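Asks: Could you have a look at this structure, given as structure tokens, before my questions?
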Amino acid sequence: MIFAALSCYAQEKLTFDELYEDTGVLGLAFSQKVNSLSGREVVIDGFMAPPLKPMSNFFVLTKAPMAMCPFCSSDTDWSADILVVYLKSRQIFVQHNAIIRVKGVLEYGSWTDEKSGFVSLLRLRDATFETK
């Protein structure tokens with residue numbers, strides 16, 4: 001009985017391959033899994049793209065290591081292999097080729113960060129990360 005009560009608080013694991021589904025002619029759309037997990041805490045593994053500045057409270061998580069940051073000027077350029085991570089509190093950034101595990105609250109839909117002007121379609125809020 002205790003196990004059943006605790007399992008409802010378990011974090012959902014998400015992968016980059018589960019973020020979108022191909023809708024054919026219309027292109028990519030958010031997956032059913034993203035829709036069902038929106039507003040919930042998830043964990044996802046990936047690589048930290050080099051941040052724009054060393055003292056930032058956010059970074060881009062990527063499916064594969066990147067030498068340059070994939071920041072976009074609009075959400076029409078959004079890549080299916082990235083996710084913006086807004087940190088709960090500042091953490092020391094890691095090398096771009098180190099795999100990390102990120103935990104945060106999943107949000108989707110076009111949103112513009114007022115401080116940076118960065119436009120995102122998919123993001124984690126109140127996030128933390130650790131190297132694997």
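No lab work stands behind these numbers, since they all come straight from the coordinates. As the structure is a computational prediction, the values presented were derived from the model and not from experiment. Methodologically, a virtual Cβ is constructed for each residue, glycine included, from the backbone with ideal geometry; neighbour enumeration extends over all protein chains shown.
Asks: Collect residues whose amide H, placed 1.01 Å from N in the peptide plane, falls under 5 Å from the amide H of GLU12; neighbours closer than 5 in sequence don't count.
Replies: Residues meeting the amide H criterion: VAL43.
Asks: Stick to Cα atoms and the Kirkwood definition of Rh, then tell me Rg/Rh for the stretch 12-131. Display every interim value, and only then the final one.
Replies: Numbers: Rg = 13.4 Å, Rh = 14.4 Å.
Computed over Cα atoms, the ratio is 0.93.
Asks: Tell me, what is the FRET efficiency for SER110 and ALA80 to the nearest 0.05, using R0 = 22 angstrom and their Cβ-Cβ distance as r?
Replies: On the way: r = 15 Å, r/R0 = 0.68.
E between SER110 and ALA80, to the nearest 0.05, is 0.90.
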